[in-house]
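*Asks:* Starting off with a structure, shown below.
Bear in mind that the values in this text are calculations on the coordinates, not laboratory data. Given the structure is predicted, the values throughout are model-derived calculations rather than measurements. Quick reminder, even Gly has a Cβ in these numbers, built from the backbone with ideal geometry, and neighbours come from all protein chains shown.
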Amino acid sequence: MAASPWRSVILTLIVAAAVWLWALVGALYAIRWSAVPRPLPPVRVLFPYGEMRVGVDASYPPFAVATADDMFGLEIDLARALAADIGVPVRFVNLGFDGLYDALRTDQVDVLISALIVDPSRGDAVAYSQPYFNAGQVLVSSEGSPVHEMADLPDHRLAVEFGSQGQTEAERWLRRLLPFTVLPYELPEYALDAARLGEAEAALVENVAARLYLRQHPAWQPTITEVTVVPFAIATRANRPDRAAVIDAALESLMLDGSLEALIRRYL
Amino acid sequence: MRSIARRGADGFRRRWRWCVRGVVLWLLLGTLLPAAPRAPLGEPQTVETDHPLVCLHTRLIEEVDEWKIQRSLQLAREMGADTIVEFFPWAYVENDEDQYNWSNVDRIVAHARNQGIHIIARMGLVPAWARPDTDDEFSTLNTLPEESYPDFAEFVADFAGRYAGVIDHLIIWNEPNLAFEWGYRQVDPEGYVRLLQAVYDAAHAANPNVVILAAPLAPTLEPPGSAAGLNDLLYLEAIYEAGGAAYFDGLAMHTYGFTEPAAAPASETALNFRRAEMLRQVMERYGDAETPVFITETGWNDNPRWTKAVTPSQRIAYTLDAFEIAELEWDWMEKLCLWVFRYPAPTFNYPDNFTLVTTDFQLKPIYYAVQTYARGFTTDESLWLPPPGDQ
């Protein structure tokens with residue numbers, strides 16, 4: 001009663017085919033399911049208080065600043081644009097930075113738009129939108145400079161603001177590259193002056209500082225290279241995925257029609 | 001029967017051989033892995049400092065890696081700080097009622113002692129079992145209902161007894177004049193005095209030498225009735241009015257410079273470094289001049305955009321001025337602790353600009369400046385270049 005050698009081969013093939021078919025059907029189902037947009041709940045369900053309550057630490061110009069009776073800034077305008085896109089009134093809740101995430105967690109606000117950098121450790125409780133601004137370090141150099149990226153720095157001079165993240169980043173690169181000279185200045189404007197006037201081949205400063213400086217010096221057309229990424233994103237509660245999806249969709253819409261870029265240029 | 005038994009024995013031997021081979025392979029592969037970082041205690045160290053006022057607020061309790069605790073404390077010692085303030089959350093130690101896990105506290109204490117550094121312990125953060133039932137009542141990690149005061153007092157007493165002679169300074173709670181720190185409830189100075197009262201005798205019974213420090217108040221001008229908090233001067237007055245002086249041996253203070261220099265004059269409406277003098281006046285007014293003060297948080301922030309920040313160069317100058325003022329003018333003050341030495345993980349916002357050392361242990365210029373002051377080093381070198389075109 002020796003078993004036929006083909007029997008085990010055929011059995012194996014049948015099992016493999018069944019597994020393959022099961023995986024294929026599952027994948028096709030998943031693709032089809034994800035491709036079909038699910039209807040989102042109505043706005044009154046997404047924002048049960050009848051308004052989008054935006055938590056913001058309004059002490060962070062040019063992103064958000066509070067005056068005696070109003071708030072203004074890039075993020076205030078962004079929140080208003082998002083609310084208009086969604087079709088819901090907006091109300092701002094001015095909070096200290098320490099209390100932002102607690103306020104979100106305890107449902108005192110619906111979203112946080114407050115120069116929040118994506119923090120992976122909060123992923124269980126917080127859903128972040130796609131980034132709306134990169135606040136990282138940028139390398140700024142005149143067009144004729146030999147330095148347009150960090151790898152070009154050896155034997156050249158890099159201007160930084162004393163004590164800034166740019167100086168810390170420069171010291172990090174000093175450990176990776178052949179030597180270059182770090183020139184610390186008291187203010188980021190002086191570091192950019194050094195790059196503009198040729199006292200340094202480049203300056204490493206925050207994107208915001210560079211943008212503000214270039215508004216003051218429109219005749220200077222330097223090369224700007226992103227060196228670090230510090231993404232600002234909108235935070236919602238992870239257990240409200242529909243709200244996160246609607247915010248993300250509205251942000252996407254502002255990006256696609258150029259409104260977001262126009263808004264950033266208004267302030268930076 | 002014998003052949004079946006022999007086949008069984010052969011099968012067992014075969015499997016056994018494979019097990020042995022597996023173990024050998026596992027051991028060989030293990031040799032390829034890098035060794036886990038270790039933090040063995042070395043020779044006991046002592047702190048060398050010319051200015052024993054210099055103190056640091058650390059954030060070590062959330063560290064996973066022991067070597068980072070050790071490295072932080074080594075750097076604190078090398079900077080010339082002989083004391084740290086560290087937060088020891090109740091919720092971390094007694095996560096389940098009457099089930100204590102002291103391991104994280106123990107390793108911090110062991111490394112601090114090894115570096116010759118004293119600890120001032122800040123107590124707070126309520127475990128879930130001691131908070132109100134969240135289905136019935138809103139609560140946060142800072143919500144301590146009055147019926148849980150005895151539980152908190154028991155924890156503080158256990159802590160005081162366990163670390164008697166090693167940690168003798170305990171801060172009871174943090175900034176109770178802020179709604180955020182009081183579980184988003186209306187702030188309640190009388191309620192806070194009852195908390196001090198619950199803790200005081202229990203802690204002293206466990207460690208007769210313990211120094212109970214009343215909580216530092218957040219510098220704020222919030223008026224009475226505000227949902228956010230209460231003016232620190234008014235809150236301190238209310239503590240004295242409620243008879244709180246009987247339940248603390250020292251007062252902790254928080255005083256930040258924000259955008260003003262250290263020398264900027266104090267006033268009731270100004271939030272600056274010298275606000276500590278206003279708080280001290282309240283103490284004196286209530287006949288409590290003999291009680292020592294520990295400034296457990298101070299400093300400036302050098303974030304480029306935060307409205308309450310200064311430039312990195314101003315931050316250094318103001319910080320050094322603050323130490324000079326405290327040393328020359330404030331004989332009632334025991335320690336001046338900088339917020340904050342280092343965060344275990346970045347906050348990704350302006351609080352990162354309060355640190356002296358980055359999360360990945362890069363020393364900032366302010367670290368060197370405070371070290372130069374504390375250790376009595378001298379240098380003629382300018383920290384930064386003149387503006388371009390000015391030479």
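*Asks:* Evaluate the distance, in nm, between pseudo-label points positioned 7 Å from the Cα of B:T31 and of A:N134 along their respective Cα→Cβ axes.
*Replies:* Spacing of the two 7 Å Cα→Cβ label points: 4.6 nm.
*Asks:* Determine, from the Cβ-Cβ distance of A:E51 and B:L383 and an R0 of 30 Å, the FRET efficiency 1/(1 + (r/R0)^6), rounded to the nearest 0.05. All intermediate terms of the calculation are to be shown ahead of the outcome.
*Replies:* On the way: r = 49 Å, r/R0 = 1.64.
Efficiency, rounded to the nearest 0.05: 0.05.
*Asks:* Can you list the residues, at least 5 places off or on another chain, whose amide H is less than 5 Å from the amide H of B:L60, using H built in the peptide plane?
*Replies:* Result for B:L60 returns B:F87.
*Asks:* State to the nearest 20 debye the size of the charge dipole of segment B:54-375 about its Cα centre, where the only charges are +1 on K and R beta carbons and -1 on D and E beta carbons.
*Replies:* Magnitude of the dipole: close to 1400 debye.
*Asks:* Going by a ≥ b ≥ c, the root eigenvalues of the Cα gyration tensor, does chain B fall in the rounded group (a/c under 1.5), the prolate group (a/b larger than b/c) or the oblate group? Before the final figure, lay out each step's value.
*Replies:* Details: a/c = 2.26, a/b = 1.46, b/c = 1.55.
Verdict is oblate for chain B.
*Asks:* Sequence-distant or interchain residues sharing an amide H contact under 5 Å with B:N95, placed H: which?
*Replies:* B:N101
*Asks:* In which sequence would A:L40, B:L217 go, from the one with the fewest C-beta neighbours within 10 Å to the one with the most? Write out the running numbers ahead of the final one.
*Replies:* On the way: A:L40 15, B:L217 31.
Exposure proxy ranking, most exposed first: A:L40, B:L217.
*Asks:* Which value results for Rg/Rh of the protein assembly as shown when Rg is the Cα radius of gyration and Rh the Kirkwood radius based on the inverse mean 1/r?
*Replies:* On the Cα set of the protein assembly as shown, Rg over Rh gives 1.04.
*Asks:* At R0 = 35 Å, how high is the FRET efficiency between A:A30 and A:I10 if r is their beta carbon distance? Nearest 0.05 is fine.
*Replies:* 0.70
*Asks:* While we're here: Modelled label-to-label distance, B:E48 and A:I264, 7 Å Cα→beta-carbon offset: nm?
*Replies:* 5.1 nm
*Asks:* Out of residues 5 or more away from A:G55 or on other chains, whose amide H comes under 5 Å of its own, with H placed 1.01 Å from N in the peptide plane?
*Replies:* Sorted by chain and number, the residues that satisfy this are A:V93, A:D110, A:V111, A:L112, A:I113.
*Asks:* Right, another one. Quickly work out the B:F138-to-A:A125 label distance, labels modelled 7 Å from Cα along the C-beta direction, and quote it in nm with one decimal.
*Replies:* Between A:A125 and B:F138, the label points sit 1.6 nm apart.
*Asks:* First check a/c for segment B:337-391, with a ≥ b ≥ c the square roots of the eigenvalues of its C-alpha gyration tensor; if it is under 1.5, answer rounded, and if not, answer prolate when a/b is larger than b/c or oblate otherwise.
*Replies:* Because a/c hits 1.5 or more and a/b fails to exceed b/c, segment B:337-391 counts as oblate.
*Asks:* For segment B:15-158, just say rounded, prolate or oblate: build the C-alpha gyration tensor, square-root its eigenvalues into a ≥ b ≥ c, call rounded for a/c under 1.5, and beyond that prolate if a/b exceeds b/c, oblate if not.
*Replies:* Oblate shape, in that a/c is at least 1.5 and b/c is the bigger or equal ratio.
*Asks:* Something else now. Please arrange A:R105, B:R280, B:R285 by counting, for each residue, the other beta carbons lying within 10 Å of its beta carbon, fewest first.
*Replies:* Numbers: A:R105 16, B:R280 22, B:R285 12.
Least crowded to most crowded, the residues run B:R285, A:R105, B:R280.
*Asks:* What is the order of A:L24, A:L214, fewest Cβ neighbours within 10 Å to most?
*Replies:* A:L24, A:L214
*Asks:* What fraction of the DSSP beta bridges in segment B:54-375 is antiparallel, stated in percent and rounded to the nearest 5?
*Replies:* Roughly 10 percent of the beta bridges in segment B:54-375 run antiparallel, per DSSP.
*Asks:* Kindly write out, for segment B:222-229 in residue order, the coupling ³J(HN,Hα) from the Karplus curve 6.51 cos²θ - 1.76 cosθ + 1.60 (θ = phi - 60°), rounded to whole Hz, with x marking Gly and Pro.
*Replies:* Once θ is set to phi - 60°, the couplings for segment B:222-229 become 4, x, x, x, 5, 6, 8, x Hz.
*Asks:* Something else about it: In whole Hz, what ³J(HN,Hα) sequence does segment A:47-58 give by Karplus (6.51, -1.76, 1.60; θ = phi - 60°), x for Gly and Pro?
*Replies:* 10, x, 8, x, 7, 8, 8, 9, x, 8, 9, 7
*Asks:* May I ask for the Rg/Rh ratio of segment B:148-200, computed from Cα atoms with Rh as the Kirkwood radius, given to two decimals?
*Replies:* 1.02
*Asks:* Moving on. Quick one: 3J(HN,Hα) in Hz for segment A:236-244, Karplus 6.51/-1.76/1.60 with θ = phi - 60°, rounded, Gly and Pro as x.
*Replies:* Per residue, the Karplus-derived 3J(HN,Hα) values read 10, 6, 5, 7, 10, x, 5, 5, 4 Hz.
*Asks:* Also: Normalised radius of gyration for chain A, please: alpha carbon Rg relative to 2.2 N^0.38 Å, two decimal places.
*Replies:* The value comes to 1.40.
*Asks:* Treating cross-link reach as a plain straight distance, find the lysines whose alpha-carbon is under 20 Å from the alpha-carbon of B:K68, omitting any fewer than eight places away in the same chain.
*Replies:* B:K364
*Asks:* Less than 12 Å from a label point 7 Å out along the Cα-to-Cβ axis of A:S253: which backbone N atoms in segment A:69-111 qualify, by residue?
*Replies:* Zone members listed by number: A:81-88.
*Asks:* Please report, in whole Å, how far the alpha carbons of segment A:137-226 spread along each principal axis, starting with the longest.
*Replies:* 34, 27, 21
*Asks:* To one decimal place, what Kirkwood hydrodynamic radius in Å is obtained for segment A:28-179 from all pairs of distinct Cα atoms?
*Replies:* 19.2 Å
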